[in-house]
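The structure under discussion appears below in the form of structure tokens.
The values are calculated or read from the model by the stated rules, or taken from the named source; none is laboratory data. On a predicted model such as this, the values are computed, not experimentally measured, just so you know. Cβ atoms come from the backbone with ideal geometry, glycine included; neighbour counts cover every protein chain shown.
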């Protein structure tokens, strides 16, 4: 006599291969058995995090996920963008790796799914189980950043394949909850959400001193940092794909000279078209400050004069390998381009050589730009024009995490020391937490008279004092383009 089991219930730990189920053939029973096992895995995760609340850090991470914030028009634009032939090669490689991992995971469980024709509900089910079983080789949980990256890769793949939004579609609601459960399990097991923090103010001063243009290496390092700092892009492959045609000199309405990153897509040096050099909505400029020894345009022009003098240069590559020493011929660089694996960790090397307080990566530059502009009083919307963000939530995420942690912690420590000594606190200790006020300027080149921001602080007796913080930042009114000026005068 056949036993009747409702397969829709998916009870955990029931192996349907050894039970007779009415209405199901052998393959279906096997799938139900596998599903039941994965349901148990999901239940175990839920039980693991039952007594913990959803981390505020994870809320920030998910709330700033661009795909979750897209409206229908933006999703249409994103889908069209994904279909372009000039997708970033590194992103495509990562997406393929994630899809291959999902396919391999299905194969390990004797499952085969046609991603193009399978029902949305079926894909949602297996994606949910896939999230639940994601582990490192040692059995530990992946970090939330990695999990979100895996989900983003799946999102891009299915959007391009069939226009399926695995984040917003209601069928993937349980999968979204599983992502949060896996991330919370990572935190409960002792992990921490990794953030790339803004470069400390003292370290920016050290960098300004380090970039003395005395050698081919230091000149190139300054130009490398300025490209990251003023144009806000990241990524080894993006840097490697830059050519001299990626930049354009531009005269502003008042006669000032500026360097602009070309908004159109250019081919890289190998002739392929797999490189998006910058976002279309990015409006950053690097404006000259001739009276400053740290003028970024002067550094750029000096570097350009050095690479164009290299015999045999292909008139394309922007980052050329520096010579260890300059010979009598005055040639600073070789015709060999700097590779991806050198450009990627270059900021870490600069951090070490300049004796900075920590080793920074290119990911730290964007929070620095956002933090400096925000503290100078620029609106989130205008900052987004420099960084290329498509929504303000992503910019605000950088603002939240971009505060100079060392400075803030030092200020709080000073306050505690003052409390022990029984003396009045110094007003300057509150500067890092003070609200920003708007900077008013109409001249993009008036950088020698750096705009100032007045910050009001109140001592315990109620008297207000004023401290002035110089910020070399400027707005060109005709184009509402924000420009970050040199590190120091």
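Which one is surrounded by the fewest Cβ atoms within 10 Å (Cβ to Cβ) among residues in the range 102-124 that are outside any loop (DSSP other than H, G, I, E, B) and in contact with a helix residue (DSSP H, G or I) (Cβ under 7 Å, 6 or more places away or on another chain)? Before the answer, list the steps.
Quick first cut of the range 102-124, residues outside any loop (DSSP other than H, G, I, E, B) only: 102-108, 120-124.
Adding the requirement that they be in contact with a helix residue (DSSP H, G or I) (Cβ under 7 Å, 6 or more places away or on another chain) leaves 102, 105-106, 120-121, 124.
Numbers: 102: 19, 105: 15, 106: 16, 120: 15, 121: 9, 124: 21.
Out of the qualifying residues, it is 121.
Against the definition (in the same structural domain as residue 168 (by TED's automatic domain parsing), within 26 Å of residue 173 (Cβ to Cβ) and at pLDDT below 90), how does residue 118 come out, yes or no?
Here the answer is no, as residue 118 does not meet what is asked.
Got a number for residues in the range 344-373 being in a helix (DSSP H, G or I) and at pLDDT 90 or above?
Initially, the range 344-373 is screened for residues in a helix (DSSP H, G or I), giving 346-353, 362-373.
Remaining after also requiring at pLDDT 90 or above: 346-353.
Number of matching residues: 8.
Given the options 255, 241, 232, name the one that is at pLDDT below 70, in the same structural domain as residue 382 (by TED's automatic domain parsing) and out of contact with any strand residue (DSSP E or B) (no Cβ under 7 Å at 6 or more places or on another chain).
Working: 255 fails: at pLDDT below 70; 241 fails: at pLDDT below 70.
After ruling out the rest, the residue left standing is 232.
Of the residues 205, 148, 127, only one is in the same structural domain as residue 320 (by TED's automatic domain parsing), in a helix (DSSP H, G or I) and either at pLDDT 90 or above or farther than 30 Å from residue 318 by Cα (or both); which?
Matching residue, one of 205, 148, 127: 205.
Just to verify a result, which residue in the range 310-345, among those that are touching a helix residue (DSSP H, G or I) at 6+ places or on another chain (Cβ under 6 Å) and within 22 Å of residue 197 (Cβ to Cβ), is surrounded by the fewest Cβ atoms within 10 Å (Cβ to Cβ)? I'd like the intermediate steps shown before the answer.
Kept after step one, since they are touching a helix residue (DSSP H, G or I) at 6+ places or on another chain (Cβ under 6 Å), are these residues of the range 310-345: 318, 320, 322-323, 332-333, 340, 343-344.
Next, from what is left, pick out any that are within 22 Å of residue 197 (Cβ to Cβ): 343-344.
Numbers: 343: 20, 344: 16.
So the residue we want is 344.
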